[in-house]
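Report on the structure given below.
Each reported figure results from applying straightforward, stated rules to the coordinates on display, with no laboratory input. All values derive from a computational prediction rather than experimental measurement. Positions of Cβ are backbone-derived with ideal geometry, glycine not excepted, and every protein chain shown enters the neighbour counts.
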Amino acid sequence: MFDIGRLCIEVISPKSEVGHINFHIKDHVMEIRDLCIYQSIETGNYRGQGYGSILVKAVLEHAREIGLSKVYGITQVDDYRVYKFYRKHGFTFDEPEDGGIIRFWQIVNNIGMRDDK
């Protein structure tokens, strides 16, 4: 099973995209590849208004509904904003890896879980 997905939030008036979350699904595990809430002169600043939380909650619910076992992502060790955001949503962080990256993850269903992360 391999799937690529994207969820977006748009505002109606004026019609513009507020942000998006991209993910990949492989072997009953979802990887969050990108979460972006936009801020620009043309569209305004949508950050800090809960749109990122809406998108993360939506992909977690989607993962549960389709029977995935885990959702994870990778970020830079020193990106404290990302750390705080995903921690708030119940994600666990592994120890930092070489290259300054750190994995965050959340079990969404215990069905079909293996011992490895």
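Some values worked out for this structure:
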| read-out | value |
| --- | --- |
| Cα-based Lys proximity count in the stretch 2-107, under 27 Å, for pairs eight or more positions apart or on separate chains | 10 |
| Contour excess over end-to-end distance, with Cα ends at ASN110 and ARG33 and 0.36 nm allotted per residue | 25.5 nm |
| Nearest-0.05 FRET efficiency for THR92 and GLU61, computed from C-beta distance (R0 30 Å) | 0.95 |
| Principal semi-axes in Å for the stretch 2-107 [√(5λ), Cα gyration tensor, largest first] | 24, 18, 11 |
